[in-house]
Amino acid sequence: MAAKERKSRFFEYEERIRKSYIELKKAYAEVQDSYAEMVFRLALVAEYKDDSTGTHLVRIADYSTEIARAMNLSAKDVDYLKYASVMHDIGKLVVPDSILKKPSGLTPEEREVIKKHAVLGANIFKGSRSPLLKVAKLIALTHHERYDGTGYPSGLKGKDIPLFGRIVALTDVFDALTSERPYKEAYGFDEAVEMIRVESGKHFDPEVVKVFLKCKNKIRKIWQATKDIDAFVKDKANEQRIEN
Amino acid sequence: MQIKLKDSDGVAICCISGEVTIDTAPELKKTFKKIIDNKTHKVLLDFRGVNYIDSSGLASLIDFSRNLKIIQGMVFMSELSPKVSSIFSITKLDKIFRIFDTEEEALKNLYGR
């Protein structure tokens, strides 16, 4: 083969490989995108059981992402936390409605059933080789552990609780404090921040609390943004009801 | 995040790419302000390049929608990826905003108004 022809063939192959790489990259991005979509939609099913709103999931993802970034976690870990954190309560799918939606006065037996959601949620992801679902399993299992060792299901203490679990433990409680529930009114933003602060070293990792307090302004923006979203959706729903 | 603004027969098409988040939403808000100041009434937000949107990003869209309504304008959205679409869905904003699969469909509907 003449040198000129060889050179031309080489460039042709190079171009084909380049195009294939671009297509593969695009296909991979599409798969990742669909993966993330499934994570959000599946998480929403569990939230519906609990009468929570989708904005709860958005807040958990946003709060957790903000704290993770401020703690200088790698971009990959921040991303895992962003998506995996929304699956923290997936185990509630297997808790009976009669217990989950009881407004008050849970019996000790009923409390034990609710506690099982941590293990049940983790079992959903058991055996998965996906890095994202491994993180989801970790978070589902440990987000109710307490820094002082008095949490559940395993009574893990301090840094034995994975960092992802320590972060979601805080963001989940903070969101619960600032949300209205059947058994309580929402606490104000600053009041809830103070309630988190006093639990530093007890319920929550002091380092995570420190970062949370440093990020307070951004956390407030996230909290306000989702209030705006909920108010907007409610207003529009009322408008449509009036029109009909 | 990158934003490209172009005009198509009186419709302002805002092509957004990257992540629309608490850190990048202020930049998007500046573009939205420009559109409002130009008194543009029909706006299409092209999301094909957007790979994530958070609560601040969604709130900036709501704010824009409200401000446009004041000047009798309207905003449509198109080309949301499955992930971004699911975020709109879980916040129920997919029931509020006019969202189309393609730019062509969205423009057809916008021109007709």
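The values are calculated or read from the model by the stated rules, or taken from the named source; none is laboratory data. What you see is a predicted model, and the numbers here were worked out from it, not measured in a lab. Every residue, glycine among them, receives a Cβ derived from its backbone with ideal geometry; neighbour counts consider all protein chains shown.
Rundown of residues vs (1) free of Cβ contacts under 8 Å to residues at least 40 places away in the same chain; (2) over 23 Å from A:Trp223 (Cα atoms); (3) not in a helix (DSSP H, G or I), yes/no style:
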position	(1), (2), (3)
A:Val58	no, no, no
A:Tyr63	no, no, no
A:Glu66	no, no, no
A:Tyr80	no, no, no
A:Tyr83	no, no, no
A:Pro103	no, yes, yes
A:Ile114	yes, yes, no
A:Leu120	yes, yes, no
A:Lys126	yes, yes, yes
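Just name the residue that is surrounded by the fewest Cβ atoms within 10 Å (Cβ to Cβ) out of those in the range A:108-156 that are more than 26 Å from A:Tyr35 (Cα to Cα) and aliphatic (A, V, I, L, M). This residue is A:Val113. Restricting A:Ala68, A:Ala75 to those that are within 18 Å of A:Ala169 (Cβ to Cβ) and of a type in the set (Gly, Ala, Ser) reduces the list to A:Ala68. Of B:Ser55, B:Ser86, B:Ser17, B:Ser78, all but one fail to be within 14 Å of the chain's Cα centre (by Cα), surrounded by 21 or more Cβ atoms within 10 Å (Cβ to Cβ) and of a type in the set (Gly, Ala, Ser); the exception is B:Ser78. The single condition among (1) of a type in the set (Gly, Ala, Ser); (2) loosely packed, with under 15 Cβ neighbours inside 10 Å; (3) closer than 21 Å to A:Asp205 by Cα; (4) touching a helix residue (DSSP H, G or I) at 6+ places or on another chain (Cβ under 6 Å) that A:Ser74 does not meet is (4).
Name the residues in the range A:148-163 that are closer than 12 Å to A:Gly201 by Cα and of a type outside the set (Gly, Ala, Ser), would you? Result: A:Asp148, A:Thr150, A:Lys157, A:Lys159.
Close contacts from the range A:199-223, counting a first residue that is on the phi > 0 side of the Ramachandran plot and exposed (fewer than 15 other Cβ atoms within 10 Å of the Cβ) and a second that is of a type outside the set (A, V, I, L, M) and not in a helix (DSSP H, G or I), with Cβ to Cβ under 8 Å and a gap of 6+ residues or different chains, come to A:Gly201/A:Tyr147; A:Gly201/A:Asp148.
Counting only helices (runs of 4 or more DSSP H) wholly contained in the range A:177-244, no element carries 3 or more residues that are within 14 Å of chain B (Cβ to nearest Cβ) and in contact with a strand residue (DSSP E or B) (Cβ under 7 Å, 6 or more places away or on another chain).
With the condition kept exactly as written, say whether any residue in the range B:28-45 is away from chain A (no Cβ under 14 Å), touching a strand residue (DSSP E or B) at 6+ places or on another chain (Cβ under 8 Å), closer than 29 Å to A:Met38 by Cα and crowded, with 20+ Cβ neighbours inside 10 Å. The answer is yes; a qualifying residue exists. Restricted to the range B:54-113, and to residues there that are among the acidic types (Asp, Glu) and part of a loop (DSSP other than H, G, I, E, B), the residue that is nearest to the other protein chains (Cβ to nearest Cβ) is B:Asp54. Of note, A:Leu93 does not satisfy the criterion of being within 11 Å of chain B (Cβ to nearest Cβ), touching a residue at least 24 places away in the same chain (Cβ under 8 Å) and assigned to a helix (DSSP H, G or I).
All of (1) under 25 Å from A:Leu120 (Cα atoms); (2) assigned to a helix (DSSP H, G or I); (3) charged (D, E, K, R) hold for A:Arg6 with one exception: (1). Restricting A:Asp62, A:Asp33, A:Asp51 to those that are at pLDDT 85 or above and among the acidic types (Asp, Glu) reduces the list to A:Asp62. Against the condition more than 13 Å from every other protein chain (Cβ to nearest Cβ) and either within 30 Å of B:Asp94 (Cβ to Cβ) or among the hydrophobic types (A, V, I, L, M, F, W, C) (or both), how does A:Tyr21 come out, does it pass? No; evaluated as a whole, the condition is false for this residue.
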